[in-house]
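Notes to accompany the following structure.
The values are calculated or read from the model by the stated rules, or taken from the named source; none is laboratory data. Everything numeric in this text was worked out from a predicted model, so none of it was measured. So basically every Cβ, Gly included, is an ideal-geometry build from the backbone, and we count neighbours across all protein chains shown. With ligands, DNA and RNA removed, areas are computed over all heavy atoms of the protein, side chains included. Shrake-Rupley method; radii C 1.70, N 1.55, O 1.52, S 1.80 Å.
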Amino acid sequence: GGGGAAAVALVDDERCHAMNQTMLWGGVVVMVVGVLMLCVSLFLRKRIELTAAMFKEACKGLQASPMLFVCAALVVVAWLAYNAHAVASLVYLYAVPRPSHGDGGAPPLAPSSSAAGVPLEQRFDDAARYLVLYQVFMALWCNALLSAVLQFTIAGAVGHWYFARDATAPQLGGPALVS
């Protein structure tokens with residue numbers, strides 16, 4: 001009876017020692033990462049202050065021109081609508097069946113079947129599938145265009161606000177509308 005209890009106690013001691021070593025090294029890693037973060041914060045505090053000042057100015061710009069949120073929402077809606085259209089087009093083009101030669105080129109309504117009643121493999125039109133490459137290129141181009149429109153609108157509105165915020169003349173329209 002006593003030998004089994006000693007073996008269990010030895011296994012438990014080894015497991016406990018392994019867990020202590022793991023916790024010790026985990027603590028060392030956390031401490032090193034913390035010291036590195038402190039050093040980065042100390043060495044880059046001027047840049048961090050500059051970033052905070054830029055965020056503060058950006059928030060002032062957004063408060064002065066809340067129409068930017070509407071412009072951004074319109075671009076996001078256009079982006080979602082175009083991507084829904086692109087995905088539907090890709091699915092359709094990928095699934096266009098090959099026209100059969102016996103019925104004047106019209107696509108078959110159902111796949112042909114063999115004499116044993118087992119459906120044959122559906123054949124798809126390769127030329128229509130090559131249009132998928134064109135659709136992918138157009139999707140990427142339109143996504144980049146919509147992103148550029150949003151960036152241009154935001155840059156124009158913020159630039160207009162930043163350089164005209166001390167002007168005494170009244171402005172016609174908001175910065176988001178004139179950019």
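Heavy-atom accessible area for C39, with the other protein chains in place and a 1.4 Å probe, reaches approximately 50 Å². Ranking Y92, Y82, Y162 from most to least accessible surface, computed with a 1.4 Å probe over the protein chains only, gives Y92, Y162, Y82.
Surface calculation, 1.4 Å probe, protein heavy atoms: M37 sits at approximately 120 Å² accessible. The accessible area of E49, taken with all protein chains in place and a 1.4 Å probe, comes to roughly 110 Å². Counting only protein chain heavy atoms and rolling a 1.4 Å probe, the accessible areas of H17, H160 rank, largest first, as H17, H160. What the Cβ-Cβ distance of Q21 and L44 gives, at R0 = 41 Å and to the nearest 0.05, is a FRET efficiency of 0.75.
What FRET efficiency comes out for Q151 versus Q63 if R0 is 25 angstrom and r is the Cβ-Cβ distance? Round to the nearest 0.05. The formula returns an efficiency of 0.80 here. When all protein chains stay in place and ligands, DNA and RNA are ignored, the 1.4 Å accessible-area order of W161, W141, W25, W79, largest first, is W25, W141, W79, W161.
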